Amino acid sequence: MNKSTISTYLRYMQLQVVAEAFLTNMSGTLYLPGSDEFNQALIDGNKHTSKLTTPEIKDFQANWKVVAQQANTDTGFSGTLFKTPGDNPEYVISFRSTEFVEDNIRDRAVGRISKASSADNASIIRFAHFE
């Protein structure tokens with residue numbers, strides 16, 4: 001794998017981390033990019049492992065802008081639209097699926113997942129995540 005391929009993967013991985021952050025307020029309005037609320041949302045990330053450091057936030061903000069984010073729907077789906085600055089911007093949309101940990105708990109509460117199938121589901125998700 002050459003360096004430009006690795007750089008490209010890293011670039012899009014950073015977008016995915018930002019997409020996993022909760023960038024809207026309770027009413028669904030996107031925080032103003034660069035505001036304290038927006039930056040704190042990037043630091044907090046998805047409240048699990050997807051978080052950015054301050055230098056990563058500065059790098060992201062120098063190269064990308066969040067145009068819009070569909071906050072979690074009732075099913076847990078979320079999507080974020082990004083664009084690069086400049087006269088000929090590149091647009092990238094990142095779809096984020098459900099929060100596995102919370103969904104597993106919620107689904108068990110309403111009886112949608114049996115104990116036997118939850119281990120299988122976790123394996124499938126882990127495998128699919130790395131393909």
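Structural remarks
- A19 vs. criteria surrounded by 15 or more Cβ atoms within 10 Å (Cβ to Cβ) and under 19 Å from F95 (Cα atoms): yes
- Residue match in segment 24-37 (condition: within 15 Å of L81 (Cβ to Cβ) and either aliphatic (A, V, I, L, M) or not assigned by TED's automatic domain parsing to the domain that holds A62 (or both)): yes
- Only residues that are loosely packed, with under 12 Cβ neighbours inside 10 Å and either under 18 Å from F82 (Cβ atoms) or of a type in the set (F, W, Y) (or both) were counted across segment 38-67, and they come to 1.
The values are calculated or read from the model by the stated rules, or taken from the named source; none is laboratory data. Please read these numbers as outputs of a predicted model, since none were measured by experiment. Note that we place each Cβ from the backbone using ideal geometry, even for glycine, and neighbour counts take in every protein chain shown.
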